[in-house]
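Note sheet for the following structure.
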Amino acid sequence: MPRPPGVSVRLRLALSYAGVVVVTGVGLLAVVLVFLLRYVPDEAGSTSGANAPDGGFGGTFMPGRSDLWDAFAPKAALMMVLLLVVGLAGGWALAGRMLAPLDRITAATRAAGTGALDHRIRMPGRSDEFRELADAFDGMLERLERHVAEQQRFAANASHELRTPLAITQTLLDVAAKDPSPDVDLLVDRLRTVNTRAIDLTEALLVLSRADQRSFAQEPVDLSLVAEEAAEVLLPLAEERGVVVTTSGDAATASGSRALLLQLATNLLHNAIVHNLPGDGAAWVTTRETPAGAVLRVENTGDHLASDVVATLAEPFRRGTERVHDDHGGVGLGLAIVQRIAAAHDGRLDLAPRTGGGLVALVTLPR
């Protein structure tokens with residue numbers, strides 16, 4: 001929004017400083033006039049003879065109030081002009097020195113407005129209001145740069161993942177068009193599988209967006225009940241894969257969205273079931289309350305995972321080395337959604353390789 005030009009802050013500060021100096025000078029002159037000249041007689045006079053102050057016979061001239069004013073007024077006016085000049089010059093210099101940090105902050109803001117988020121102010125010196133503002137601005141730029149980079153990477157990965165089912169669909173349709181006697185049932189079944197994967201991916205992206213926006217109502221949620229419900233929902237998948245799911249623990253109440261926290265527990269348990277030993281696996285879900293908050297722990301058997309691989313599993317579309325890719329393998333957003341939901345509830349997700357193989361996922365939420 002364009003604004004009309006106005007008086008600069010530096011000039012206003014200089015005028016204010018000069019005004020304070022001039023008002024102070026006027027006050028001092030008022031003190032002289034009121035409390036000093038009031039004891040001087042109105043008319044001039046003299047003393048002589050024995051009444052002379054020195055006891056001699058000579059006379060002494062005693063100026064009147066008008067005589068003192070005539071001698072004092074020009075000097076006072078000159079001093080007021082000098083105070084005004086010094087106040088303006090000194091105020092201009094001091095205002096420029098005080099407002100110099102704002103120039104650096106303004107330059108950084110304009111650079112950020114053009115997309116240069118890697119610029120930092122890094123203002124030296126001891127802490128004061130301007131340096132606190134500069135440090136806060138640097139912190140904002142750092143978070144914004146990290147967020148933009150993450151969103152760009154996520155958008156690129158999401159575009160790639162969404163393009164895959166569309167490309168597969170196009171290939172299936174092209175092959176069917178060239179086949180003189182296509183197997184319609186097989187084609188429909190394959191298209192349904194591809195379409196289901198695209199729907200799952202889209203729903204996962206919507207869940208991520210909802211978690212990032214924190215557009216949900218806060219309510220008390222018992223994580224133990226959420227864990228039991230997630231285990232009940234995924235029981236058929238666990239039986240199909242031969243994974244024994246065990247839930248235990250005490251009541252652990254957190255504040256947040258029950259739907260999102262159920263999604264969090266379901267994603268963790270789904271990940272534990274899918275990425276497990278074939279036919280002879282196990283998964284444990286436990287809840288407890290600690291001084292740090294309500295804790296949900298999901299642990300599963302599985303392949304040995306390196307620490308550097310585990311550190312990347314919560315990134316979008318990362319499934320780990322040699323992890324399964326089948327109809328239940330997910331879209332690579334399960335742990336990413338868990339991390340975003342935990343962050344939206346001011347909590348955190350910690351991942352660690354399990355001794356003997358598998359993964360340990362620990363979600364801590366404020367009580």
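The values are calculated or read from the model by the stated rules, or taken from the named source; none is laboratory data. These figures come from a predicted structure and were not determined experimentally. Heads up, the Cβs are rebuilt from the backbone with ideal geometry, glycines too, and the neighbour counts pull from every protein chain shown. Accessible surface areas use protein heavy atoms only, side chains included; no ligands, DNA or RNA. Shrake-Rupley method; radii C 1.70, N 1.55, O 1.52, S 1.80 Å.
Data table
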read-out: Length added when fully stretched, Ala311-Thr24, from 0.36 nm per residue minus Cα-Cα; value: 96.6 nm
read-out: Accessible-area ranking of Leu261, Leu68, largest first, probe 1.4 Å; value: Leu68, Leu261
read-out: Linear extension gain, Ala292 paired with Leu162, 0.36 nm per residue minus alpha-carbon span; value: 42.9 nm
read-out: Anisotropy class of the range 119-194 from Cα gyration tensor, a/c 1.5 cut; value: prolate
read-out: Accessible area in the full protein assembly, largest first, 1.4 Å probe, for Leu11, Leu99, Leu333; value: Leu11, Leu99, Leu333
read-out: Net lengthening on full extension, Tyr39/Leu68 (0.36 nm per residue, minus Cα-Cα); value: 9.3 nm
read-out: Nonlocal amide H pairs with Gly249, under 5 Å, H built at 1.01 Å; value: Thr287
read-out: In nm, spacing of pseudo-spin labels at Ala77 and Glu203 (7 Å Cα→C-beta vector); value: 9.1
read-out: Spin-label pair Gln218/Val184, simplified geometry with 7 Å Cα→Cβ offset, distance in nm; value: 5.8
read-out: Volume in Å³ per residue [convex hull over Cα atoms, computed for the range 206-310]; value: 123
read-out: For the range 6-22, 3J(HN,Hα) per residue [Karplus equation, 6.51 cos²θ - 1.76 cosθ + 1.60, θ = phi - 60°, Hz, x = Gly/Pro]; value: x, 6, 5, 5, 4, 5, 5, 5, 5, 5, 5, 5, 5, x, 4, 5, 5
